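Beneath this line is the structure, given in structure tokens, with notes to follow.
The values are calculated or read from the model by the stated rules, or taken from the named source; none is laboratory data. Please read these numbers as outputs of a predicted model, since none were measured by experiment. Here the Cβ is made from the backbone with ideal geometry for all residues, glycine too, and neighbour counts use every protein chain on show.
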Amino acid sequence: MAETVRENPLLKVEQLKMYFPLTKGLLSKTYSWVKAVDGISFEIYPNETFGLVGESGCGKSTTGKCAIRVLQPTEGRVVYKGRDIAGLSKSMLKPYRRELQLIFQDPYGSLNPRQSVFSILKEAVVLDRERHTAVEANERVDELLTLVGLDPDMKSRYPHEMSGGQRQRLGIARALACNPKLVVCDEPVSALDVSIQAQIVNLFRELQAKLGLTYLFIAHDLAVVRHMADRIAIMYLGKIVEVIDSDHIFREALHPYTVALLSALPTTDYYQERKRSRIILEGEVPSPVNKPAGCAFHPRCKYATETCRQVSPGLRNVGRNHCVACHNVAV
């Protein structure tokens, strides 16, 4: 795992909210809001991989896009290198764009099928403004392809002529073209075969060690994130319910939702599988439009009390970089 520096966070998110309006009628009148992200806070330190895990629809991808200003947050602060970029205009945000990059979940959908590999990468290289001549751009494209494990001879290919793993490597190369500092990886391995997933995860770690990158790694697979991240935040219905070091998550997880996720992870150990009990969560995830009062998880939690039904818990530090949002956990 990358060594974590605790003094000055590279990115600090404070009380981030992202609401999407629901409209109706000819005048598109807003009648409600989808509370995709509902007041979350976290910090990411230089050379760290911060994992964000949760079910589909919990708001984790929206969080990542708000963190690098692909989306304009409804409320909250996004402090990058000491500067709040949440409210910056497009022109003021431009100097930060090269340092904040995004790798998409679907490598095929994020690549222009009419552009060759060379054209896709050259476009990003030229925008970096550090290489002006055709020779310099060509050398940089070759360098990027080699960096992500692709043969420079593939420059003439088009995305449909590549495998899923090769396309994802191309997407990674495109993100690296501008020498970023922070890369948001939005479920970058979920569309790939398991064997290819391992190769891409290893590539991410090699690139981090070589280039000094910082990652916000988003996924719904806790097993993948555990091998990739230094710290893991568990997200449920627009809220972060637990933040814990990845090395401690199996032994020290406290939130009932985190414990339930861990119990669902498959294991190849026959005797361990026989001894452990799987937790089946009852009910459905509430709608982000009409969230329940109090703790969002209380309708599915067997430990819920009257306090849980009325008061929303905040993240509390329980020691060793471990924070939990649960009324029933003693500090």
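Selection over segment 143-161 of residues that are at negative phi and either touching a residue at least 12 places away in the same chain (Cβ under 8 Å) or basic (Lys, Arg) (or both) gives a count of 12.
Every residue, every condition in (1) of a type in the set (Gly, Ala, Ser); (2) assigned by TED's automatic domain parsing to the domain that holds Ser56, yes or no:
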site	(1), (2)
Ile200	no, no
Arg205	no, no
Leu216	no, yes
Met228	no, yes
Ile234	no, yes
Gly238	yes, yes
Leu261	no, yes
Thr267	no, yes
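As for segment 195-205, it holds at least one residue that is among the hydroxyl-bearing types (Ser, Thr, Tyr), assigned to a helix (DSSP H, G or I) and without any contact (Cβ under 8 Å) to a residue 24 or more places away in the chain. Selection of segment 12-52 for residues being of a type in the set (Val, Ile, Thr) and in contact with a Gly (Cβ under 8 Å, 6 or more places away or on another chain) yields Val13, Val37, Ile40.
Scanning segment 193-212 for residues that are among the aliphatic types (A, V, I, L, M) and touching a Ser or Thr at 6+ places or on another chain (Cβ under 9 Å) yields a total of 1.
For segment 51-60, how many residues meet the condition of being crowded, with 24+ Cβ neighbours inside 10 Å and either over 18 Å from Asn290 (Cα atoms) or among the small types (Gly, Ala, Ser) (or both)? So that I can check it myself, show each step before the final result.
First, the residues of segment 51-60 that are crowded, with 24+ Cβ neighbours inside 10 Å: 51-54, 58-60.
Adding the requirement that they be either over 18 Å from Asn290 (Cα atoms) or among the small types (Gly, Ala, Ser) (or both) leaves 51-54, 59-60.
Result for segment 51-60: 6.
Of the strands (runs of 3 or more DSSP E) lying entirely inside segment 28-138, those containing at least 1 residues that are modelled with pLDDT of 95 or more and more than 20 Å from Arg174 (Cα to Cα) are 29-44, 49-53, 75-80. Only residues that are under 14 Å from the mean Cα position of the chain (by Cα) and at pLDDT 95 or above were counted in segment 187-217, giving 5. Just a yes or no: is a residue in segment 276-291 surrounded by fewer than 22 Cβ atoms within 10 Å (Cβ to Cβ) and more than 22 Å from Ser56 (Cα to Cα)? Looking through segment 276-291, at least one residue is surrounded by fewer than 22 Cβ atoms within 10 Å (Cβ to Cβ) and more than 22 Å from Ser56 (Cα to Cα). For segment 281-304, filtered to residues that are among the small types (Gly, Ala, Ser) and at pLDDT 90 or above, the residue that is farthest from Ile40 (Cα to Cα) is Ala304.
Considering segment 65-85, the residues that are within 25 Å of Glu187 (Cα to Cα) and free of Cβ contacts under 8 Å to residues at least 60 places away in the same chain include one that is surrounded by the fewest Cβ atoms within 10 Å (Cβ to Cβ), namely Gln72.
Is it true that Leu27 is free of Cβ contacts under 8 Å to residues at least 40 places away in the same chain, in the same structural domain as Gly314 (by TED's automatic domain parsing), out of contact with any helix residue (DSSP H, G or I) (no Cβ under 7 Å at 6 or more places or on another chain) and not aromatic (Phe, Trp, Tyr)? Against the criterion (free of Cβ contacts under 8 Å to residues at least 40 places away in the same chain, in the same structural domain as Gly314 (by TED's automatic domain parsing), out of contact with any helix residue (DSSP H, G or I) (no Cβ under 7 Å at 6 or more places or on another chain) and not aromatic (Phe, Trp, Tyr)), Leu27 qualifies. In the set Tyr19, Tyr45, Tyr96, only one residue is of a type in the set (Phe, Trp, Tyr) and either loosely packed, with under 15 Cβ neighbours inside 10 Å or in contact (Cβ under 8 Å) with a residue 60 or more places away in the chain (or both); that residue is Tyr45. For the condition touching a helix residue (DSSP H, G or I) at 6+ places or on another chain (Cβ under 9 Å), over 30 Å from Asn179 (Cβ atoms), of a type outside the set (Phe, Trp, Tyr) and not in a helix (DSSP H, G or I), Leu254 does not qualify. If I ask for residues that are in contact with an Asp or Glu (Cβ under 9 Å, 6 or more places away or on another chain) and within 23 Å of Lys65 (Cβ to Cβ), which ones from segment 238-256 would you list? Gly238, Lys239, listed by residue number.
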